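Worksheet: the structure to be examined is printed underneath.
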Amino acid sequence: MNKISILLCSALIVGLASCNKSKYDGYETAENGLNYQFFTKDDKGTKVMEGDGVAFRYIFKLMGKDSVIINSANVSQDGSGITKFIMPKSSFKGSLEDAMMMMSKGDSASFVVSADSFFLKTQRMPQLPPYLKPGDMLKVDIKMVDIKTKKELEENQKQQEAEMAKMSEQEKPQIAQYVADNKITVAPTASGVYYVESLKGKGALVKPGNEVTVNYTGKLLNGQVFDSSVGKPEPLKFIVGQGMVIPGWDEAFQLMAKGGKATLLIPSNLAYGARGAGGVIPPFAPLVFEVELLDVNTNPAPQPQQQMPGQ
């Protein structure tokens, strides 16, 4: 190789090296302009792709300052600090979506992104938060906890749907068995609610718009109590027919008068349906309530939305 060739090769190598050099100490610059620094990296791992499910932890800081803007450890619903979502398309060149698509499961890295682009393009906010100014840069540290491919997510979805369908099919036999075991002889209402009266109330039946004061205990068919007003400082109050409680309650309490007591057997479609509730009521779970109607107010003042029993 002659001297000219050697000089050209050397210049090319230097040029390539300078292209990767970032103005931020310790960082490199990708072709899309994203500045990045990996702390741990699995070079053989499968990278995140659009449509994949990702689970990760993150910390946002203002570049050049130590103050934390947001830490996922402080905002995650379950306290794990882990955020989960389906990876969308990149919102701009050098975005955090681009950053995460450089990562594999187990990787941890730091990225520098434009605050303007992140908040205005990715988050689609009308303006920057008041603690930022145009031109500010964000330092975002990310730990990629888990990755589920789009195919895996689709397979999981199909499996969940099959399990839900199976649970739905099991509900009617469960209700029939409970009715037989407990020697319930009353017929269900047209919607499927079993109303078993143990003490007849006095006066007019409850009407939509009436405020009722009730004591209750809610159980699963196996007898497990999931919620009760008994022992609480006050009984529950709600206005009938305004969606403040499960539909089965709105129907059942219109069969009662003040002072009445009853057992309600409510199918899941009039309770919490396919989603369940409170972590203790499974999907497609029929529910049993022991209820007592303590008082009826026929002219109530408007009241805020209350939490449904069992939540």
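Laboratory data are not the source of any read-out in this text; all were calculated from the coordinates shown. Quantities reported herein were computed from a predicted structural model and do not represent experimental measurements. As a convention, Cβ positions derive from the backbone with ideal geometry for all residues, glycine included, and neighbour counts pool all protein chains shown.
A few notes on this one:
- With the charge dipole of the chain set up from +1 on Lys and Arg Cβ and -1 on Asp and Glu Cβ about the Cα centre, the Cα lying farthest toward the positive end among the listed residues 159, 199, 217 is that of 159.
- Each label was represented as a point 7 Å from its Cα along the Cα-to-Cβ direction; for residue 196 and residue 294 these points are 2.5 nm apart.
- Amide hydrogen proximity for residue 201: with H placed 1.01 Å from N in the peptide plane, the residues at 5 or more positions away or on another chain lying under 5 Å are 257, 260, 261.
- Cα-based reach from residue 84 at 18 Å (exclusive), listing lysines while leaving out same-chain residues under 8 positions away: 47, 105, 143, 148, 150, 151
- Using the Cβ-Cβ distance between residue 121 and residue 219 with R0 set to 41 Å, the FRET efficiency works out to roughly 0.20.
- Per-residue Cβ neighbour rank within 10 angstrom, fewest leading, 86, 175: 86, 175
- Which label in (i) 1.21; (ii) 1.02; (iii) 0.97 gives the computed Rg/Rh (Cα atoms, Kirkwood Rh): (i)
- Each residue in 67, 114 was given a count of other beta-carbon atoms within 10 angstrom of its own, and listing them fewest first yields 67, 114.
- Calculated mean residue ellipticity, 222 nm, the chain: -6500 deg cm²/dmol, from DSSP H runs (n ≥ 4) at -39500 (n - 2.57) each, averaged per residue and rounded to 500.
- Simple spin-label estimate for residue 89 and residue 50 in nanometres, 7 Å along Cα-Cβ: 0.6
- When each of 221, 236, 153 is scored by the number of other beta-carbon atoms lying within 10 Å, the sequence from fewest to most is 153, 221, 236.
- Computed label-point distance, nm, for sites residue 183 and residue 161 using a 7 Å Cα→Cβ extension: 4.6
- Nearest-ten-degree value, helix 3-20 long axis tilted from longest Cα axis of the chain: 30
- The chain: relative contact order in percent, alpha carbon pairs under 8 Å with at least 6 residues between: 14
- DSSP-loop chymotrypsin sites (Phe, Trp or Tyr not before Pro) across segment 96-170, with at most 16 other Cβ within 10 angstrom: 131
- Sequence ranges 196-206, 257-267, ranked by mean other-Cβ count within 10 angstrom, highest first: 257-267, 196-206
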